[in-house]
Each structure stands twice: as structure tokens, then as C-alpha cells.
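Input: a single structure, listed below in C-alpha cells.
The values are calculated or read from the model by the stated rules, or taken from the named source; none is laboratory data. Small disclaimer: the values here were computed from a predicted structure and weren't measured. We place every Cβ from the backbone using ideal geometry, glycine too, and count neighbours over all the protein chains shown.
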Amino acid sequence: MSKSKNKVIAGNYDGYSVSVMFGVVSISHGIFSINEEDGSGTTLSKETVASYEVVTDEHRKSAASGIARGLIGGALLGPVGILAGGLSAKSKGIYQVAIEFHDGKKSLIEVDDKIYKAIIKSCF
């Protein structure tokens with residue numbers, strides 16, 4: 001099962017991490033290394049992002065969630081419970097988002113549900 005990289009995978013800031021802290025989404029080398037003047041990182045907000053587009057989105061079932069739910073279902077309802085529990089596993093989304101900044105820079109990022117939702121909220 002693949003996991004989101006939460007990184008810039010192409011374009012400007014290639015290889016930088018994408019993170020969210022206190023609702024602020026940032027692209028940086030580390031937690032505290034954002035300096036927009038020298039290009040070592042930036043925040044993602046309606047002030048910095050001109051446009052964004054979801055390129056791909058994948059939804060995969062969490063294996064750990066499926067196993068746990070299957071075991072509980074099996075203990076409660078037998079074989080039917082195992083099937084129902086396994087099928088009710090939580091979905092995890094992985095998104096690739098193309099971002100164009102007001103300064104003309106462009107990045108392709110790969111993020112999980114949490115960061116994707118924060119980007120949508122901060123860029124709305």
C-alpha cells in the first residue's frame with residue numbers, strides 16, 4: 001500500500017516537505033525554514049496561490065483498519081461479520097495537486113487528506 005509523500009514532487013520547491021501546523025499549510029525544508037524572499041519555502045494561502053488543480057486522487061482502504069474491523073466483526077457476528085468489517089475499512093486519500101503561485105512559480109505536490117483539506121480551506 002502506498003502512502004502519501006507530503007512533498008513537492010515536481011517544479012519549483014522540488015523535494016521540499018509539505019506540512020500543516022495550526023491550519024497553516026507550508027512548503028519548506030523543515031518546520032521552521034520558511035523564507036519567501038530567498039525562495040527557501042512558502043505558505044499556501046489565497047495570498048500566495050493564484051490557482052490549484054487536483055491532478056489525481058486515489059482512495060485506498062487502510063489495511064490496518066480493515067483487519068481490526070474484520071476481527072471485531074468476526075468476534076461479534078462470525079464469518080459474515082468478518083466480511084462486513086473488512087469491507088467497512090476507512091478510506092485514505094492521496095492527492096496530487098498542481099499549484100501556481102502569484103509570483104509565477106509552479107509546483108506539483110502529493111499530499112494526504114489532512115493537508116489537502118487544509119489547502120482547500122486556506123485557498124478558498
Quick check on A89: is it surrounded by 13 or more Cβ atoms within 10 Å (Cβ to Cβ), touching a Lys or Arg at 6+ places or on another chain (Cβ under 7 Å), modelled with pLDDT under 70 and not in a strand (DSSP E or B)?
yes
Among the residues of the stretch 93-102, the number that are over 13 Å from T43 (Cβ atoms) and not small (G, A, S) is 5
S65 vs (1) at pLDDT below 70; (2) in contact with a Ser or Thr (Cβ under 8 Å, 6 or more places away or on another chain): all pass except (2)
